[in-house]
Amino acid sequence: MSQATDTDVREDGIIESVSGPVVTARDLDARMNDVVYVGSEGLMGEVIEIEGNITTIQVYEETSGVSPGEPVEGTGSPLSVDLGPGMLDAIYDGVQRPLDVLEEKMGSAFLDRGVDAPGIDLEKTWEFTPEVEEGDEVEAGDIVGTVPETPSIDHKVMVPPDSEGGEVVAIESGNFNVEETVVELDSGEEIQMHQEWPVRQQRPTVEKETPTEPLISGQRVLDGLFPIAKGGTAAIPGPFGSGKTVTQHQLAKWADADIVVYVGCGERGNEMTEVIEDFPELEDPTTGNALMDRTCLIANTSNMPVAARESCVYTGITIAEYFRDMGYDVALMADSTSRWAEAMREISSRLEEMPGEEGYPAYLSARLSEFYERAGYFENINGTEGSVSVIGAVSPPGGDFSEPVTQNTLRIVKTFWALDADLAERRHFPSINWNESYSLYRDQLDPWFEENVRADWPETRQWAIDTLDEEAELQEIVQLVGKDALPEDQQLTLEIARYLREAWLQQNAFHDVDTFCEPEKTYRIMDAAKTYNDAAFEALDAGVPVEEITDIDAAPRLNRIGVQEDWDEYIDELEDDIESQLRELY
Amino acid sequence: MKEYQTITEISGPLVFVETDEPVGYDDIVEIELSDGETRRGQVLESASDYVAIQVFEGTEGIDRDASVRFLGETMKMPVTEDLLGRVMDGTGQPIDGGPEIVPDERRDIVGEAINPYSREYPEEFIQTGVSAIDGMNTLVRGQKLPIFSASGLPHNDLALQIARQATVPEEEEGDDDEGSEFAVIFGAMGITAEEANEFMDDFERTGALERSVVFMNLADDPAVERTITPRLALTTAEYLAFEKDYHVLVILTDMTNYCEALREIGAAREEVPGRRGYPGYMYTDLAQLYERAGRIEGREGSVTQLPILTMPGDDDTHPIPDLTGYITEGQIYIDRDLNSQGIQPPINVLPSLSRLMDDGIGEGLTRADHADVKDQIFAAYAEGEDLRDLVNIVGREALSELDNKYLDFADRFEEEFVDQGTDTARSIDETLELGWDLLSMLPKDALNRIDEDLIEEHYREDETAETVEAEA
Ligand SMILES: Nc1ncnc2c1ncn2[C@@H]1O[C@H](COP(=O)(O)OP(=O)(O)OP(=O)(O)O)[C@@H](O)[C@H]1O
Ligand SMILES: [Mg+2]
């Protein structure tokens, strides 16, 4: 978080009342959304309402012991993030304070209060290589140099979006810290690697474009049936324990984004620890470097102050936009957006605002759309193209999707991954319900899959969808009369559909090999099931009884493809065996 | 310290006082009644000229003449290792007639959040001796794993069984464990005197009291007091775990009573209620309790939580179990049907879950075959459960041979694997071997969740032979 250093307008006010995270102050001269320091300990807060002489502040730290009469200091600047090299491989709280720095400063494993720290290390030096020369004209957003931030990512140093631009009069390569000037313009403007940007304001772009490339997740059910585009939006609603976090972690690990911003919003501490411990050990499937090298973590867990939970999604998306401006594809996961909405509700109710549906503030829907609108595939102001994909988990009370946060989210996002408690209970993972889920990107992404995986990707997928649909219908009958009462061809369809579910849709996130599945393998497993299907129906037509067809010992091997490292050969062999074993029956 | 006699309003558990000096939010208050009795409370809202106070022991008998003193500090718990073996009431006052407690430190009971960066991921297997937990929903040190129960079910027996039997199997030549002892903290909120006796008798009978600290808020104690009892318990737990290297198991019962108390305070404050009248901040409030479980990098001890809650109307979508499930790392369901069938402990493994299991089991931790065996049992039991509905309609004869085996599997799983009684402690080896006994009822190629090598190693060839013979 910015320290708001450049401000000398320090207008003091006096605390009037304290109620949990909401404090009111008298005589404070501040603007909406300004950062203020509250009480004698200087707790960080943000102005959220101004009425007459009374200013209402949400405080990002615990307020126990704070009393009326203590001072409030204005900083004159809105809640902003520090942008520059040093954000990757970092872990922040909801207002971008680095948690490792806090641990060191506080000298404790517990979060004390009244301690601030800049979001990026101001002293560390970086090797700056110019991309422009003296005499070049530069404008807002233009890339003037690069810094090797991590082995995976070159950080692009850009002219701030609110700059007037001008002619470069001085630039040189060398090692600089983020506050040293690296470029001077003829206007006298000096450009540093460090920028600030207010979190509640979208960073400017030229235009939003229609996304045409999938964000490959390495998860068969997603890539195969419900793909999300680079620059797309997705929601994962589901009751507790249904797999939201595991899915988000899987995306953070395996999605083919350049940068991942993972926002743990009001969820468990141990889940963040898991990421911190696992990611440095895991290899990015695209670059081969440690996954942490492309990751920025924001952890405002459920027991951390609720106001900082409200702001953590904004902190996250602003960082994402900054990397997008460099021309990168960024994926942001927010787990869980419901906790963010609840934080809004909690603050709103302390303000005694008129509640809307289920106590949520009337502006819930507007805030959700503003947030998801910041996703997209963009032409940036410097001419590069970049994207921000947003995947939000939703935690509906009682698992009931009709509640306001789920409903308002579904009105905005284009991909819906519906988690299902029944599937989770029978340990069908990922427990994404294939009948309820959808992706509105499917058609616009098909050309990519045809070109980059297989030309018949759409047809094969359609076959799989039809088979699963038919199974759903047949299951209703089976519930009443039992499987054996069905005609033979329908019994066979049920068997094929079972393999589609077990071999293709199911995927074990905790298995070293199965955890990631490249699109080619996704295609081939689906196609292997189809091979069995086609050969089996031929056998059935030739008069072979269905029990014999389903009894061939090659078939169960379909379920083991997922865990095979050399799946290509395994599938070749398996398809041969299936066909020859069926041929032998007639 | 200024004393006020300016109470302006008394409403439910709340007292409003006019003040002329600033009072800290959350500060502790003493209210002296005209008959000399003192009650304690806490500042819920502080404005420049008045404060709202929540009175722990209830407002009965308080009048305008009562005098109010603000102690200028937030609620503290005096902590020391000598608390082990002691019994206190729900506000932390000793009720066992023992010596005065000389604190080592006084700690704020609200507790600060553990920095997520400083946590260590929990992955040490705790053997509870209960197969349905160890085999299927493994508990690890530093986890928060609630028991979802309902009225009239034996959740207390299960909690006691776990407290009695829990051990961490020694790692080979394990030397990192020296000095870490096991302690139990028991926080009771609104339980009946009878239930309390059940716990105390068991603690005394087994000698567990020596390594326990007990906080008792009973059903007839003031409801508001319940909001501090778990905080006292957890403050003590953190002290013992992170200062004194104990592995602490915290049993909190009944969280439902705790939540009712929150609702009562919310209603008295005329807050906008959330779902079913519970406060909108209940998720945050519960998280501030449950998230106090865990391990910390560089510290020996750990805090493991086993909260118990009774689901109103056996409904797990009720806000209390629902919000709990969203915060804790899994849950264990106690099942009414299994209980009436006489299965002890009546744990329904299907909806139960331990989210920290995957990292706590496997080679070197439990056994190499553990994960696969668990997955296969879940799949087979779920299949059998499904078929039970169908069999009621079409009869067993209409089902295939394999389906019949699944039905038998489900029955034997409940009768042999789950039903072990409250006094049996099974080692993880015994649990997994039992799992293989049952799985071997099924044909080999139905075991599609188990690695082929493991099947070769463990599958009981004769077992199927037996069933085949029996059928012949
Ligand atoms: N793809 C998967 N492969 C294997 N196991 C899975 C998978 N997805 C989920 N699980 C299992 O389900 C459990 C619960 O998943 P997860 O923690 O993601 O739930 P959640 O929806 O985030 O719940 P909550 O809302 O309470 O946070 C995991 O601990 C894991 O055991
Ligand atoms: Mg989750």
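The values are calculated or read from the model by the stated rules, or taken from the named source; none is laboratory data. Given the structure is predicted, the values throughout are model-derived calculations rather than measurements. Virtual Cβ from ideal backbone geometry, glycine too; neighbours counted across all protein chains shown. To get the accessible areas, we keep the full protein, side chains included, count just its heavy atoms, and leave off ligands, DNA and RNA. Shrake-Rupley method; radii C 1.70, N 1.55, O 1.52, S 1.80 Å.
Quick notes on this structure:
- Annotation note: of B:Gly190, B:Gly207, B:Gly266, the sole residue that is of a type outside the set (D, E, K, R) and under 27 Å from A:Ile347 (Cβ atoms) is B:Gly266.
Listed here are the residues, each with its yes/no results for (1) in contact with a helix residue (DSSP H, G or I) (Cβ under 8 Å, 6 or more places away or on another chain); (2) at pLDDT 95 or above; (3) farther than 26 Å from B:Leu44 by Cβ; (4) not assigned by the TED database to the domain that holds B:Thr128.
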site	(1), (2), (3), (4)
B:Ala237	no, yes, no, no
B:Cys259	yes, yes, no, no
B:Tyr283	yes, no, no, no
B:Asp314	yes, no, yes, no
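- Residue in segment A:495-506 that is farthest from ligand 1 (Cβ to nearest atom), counting only those that are within 27 Å of the chain's Cα centre (by Cα) and away from every other protein chain (no Cβ under 13 Å): A:Trp504
- Only residues that are more than 17 Å from the chain's Cα centre (by Cα), within 13 Å of ligand 1 (Cβ to nearest atom) and open to solvent by 50 Å² or more (accessible area, probe 1.4 Å) were counted in segment B:331-377, giving 2.
- Selection within segment A:387-400 - out of contact with any strand residue (DSSP E or B) (no Cβ under 6 Å at 6 or more places or on another chain) and either aromatic (Phe, Trp, Tyr) or in contact (Cβ under 8 Å) with a residue 24 or more places away in the chain (or both): A:Ser395, A:Gly398, A:Gly399
- Number of the condition not met by A:Lys244 [criteria: (1) among the basic types (Lys, Arg); (2) more than 16 Å from ligand 2 (Cβ to nearest atom); (3) within 30 Å of B:Val303 (Cβ to Cβ)]: (2)
- Considering segment B:292-361, the qualifying strands (runs of 3 or more DSSP E), each wholly inside and each with 1 or more residues that are within 9 Å of chain A (Cβ to nearest Cβ), run over B:330-334, B:347-354.
- Comparison of A:Thr515, A:Thr522 shows that the only residue that is β-branched (Val, Ile, Thr) and part of a helix (DSSP H, G or I) is A:Thr522.
- Verdict on B:Tyr246 being in contact with a helix residue (DSSP H, G or I) (Cβ under 6 Å, 6 or more places away or on another chain), modelled with pLDDT of 90 or more, of a type in the set (Ser, Thr, Tyr) and within 27 Å of B:Arg295 (Cβ to Cβ): yes
- Enumeration of residues in segment B:292-314 that are crowded, with 24+ Cβ neighbours inside 10 Å and either within 22 Å of B:Ala261 (Cα to Cα) or not basic (Lys, Arg) (or both): B:Arg292, B:Ala293, B:Gly294, B:Gly301, B:Ser302, B:Val303, B:Thr304, B:Gln305, B:Leu306, B:Pro307, B:Leu309
- Residues of segment A:2-17 classified as at pLDDT below 90, on the phi < 0 side of the Ramachandran plot and open to solvent by less than 20 Å² (accessible area, probe 1.4 Å), total: 1
- Counting only strands (runs of 3 or more DSSP E) that sit wholly inside segment A:34-75, those with at least 1 residues that are in contact with a Phe, Trp or Tyr (Cβ under 6 Å, 6 or more places away or on another chain) are A:43-51.
- Each residue in segment A:393-419 was checked for being more than 12 Å from chain B (Cβ to nearest Cβ), open to solvent by 30 Å² or more (accessible area, probe 1.4 Å) and within 15 Å of ligand 1 (Cβ to nearest atom), and 1 pass.
- Counting the residues of segment B:7-46 that are out of contact with any Phe, Trp or Tyr (no Cβ under 9 Å at 6 or more places or on another chain), open to solvent by 10 Å² or more (accessible area, probe 1.4 Å) and either over 12 Å from B:Val68 (Cβ atoms) or aliphatic (A, V, I, L, M) (or both) gives 10.
- Listed conditions (1) within 11 Å of chain A (Cβ to nearest Cβ); (2) in contact with a Gly (Cβ under 8 Å, 6 or more places away or on another chain) are all met by B:Gln42, apart from (2).
- Of all residues in segment A:250-295 being crowded, with 24+ Cβ neighbours inside 10 Å and away from ligand 1 (no atom under 15 Å from the Cβ), the one that is farthest from B:Asp285 (Cα to Cα): A:Ala257
- Close pairs from segment A:233-258: first within 22 Å of A:Ser369 (Cβ to Cβ), partner more than 11 Å from ligand 1 (Cβ to nearest atom) and of a type in the set (Lys, Arg), Cβ under 7 Å, at least 6 apart: A:Thr233/A:Lys414
- Within segment A:18-32, tally of residues that are open to solvent by less than 50 Å² (accessible area, probe 1.4 Å) and either under 15 Å from A:Ile347 (Cβ atoms) or charged (D, E, K, R) (or both): 7
- Selected residue (criterion: nearest to ligand 2 (Cβ to nearest atom)) from residues of segment A:247-287 that are among the hydroxyl-bearing types (Ser, Thr, Tyr) and modelled with pLDDT of 90 or more: A:Thr247
- Just one of (1) out of contact with any helix residue (DSSP H, G or I) (no Cβ under 7 Å at 6 or more places or on another chain); (2) modelled with pLDDT of 95 or more; (3) within 30 Å of B:Leu387 (Cα to Cα) fails for A:Gln475. It is (2).
- Residue in segment B:276-289 that is within 13 Å of chain A (Cβ to nearest Cβ), crowded, with 24+ Cβ neighbours inside 10 Å and touching a Lys or Arg at 6+ places or on another chain (Cβ under 6 Å) present: no
- Considering the conditions (1) outside the structural domain of A:Val35 (by TED's automatic domain parsing); (2) farther than 20 Å from B:Glu291 by Cα; (3) buried (at least 17 other Cβ atoms within 10 Å of the Cβ), A:Glu127 is excluded by exactly one of them, (3).
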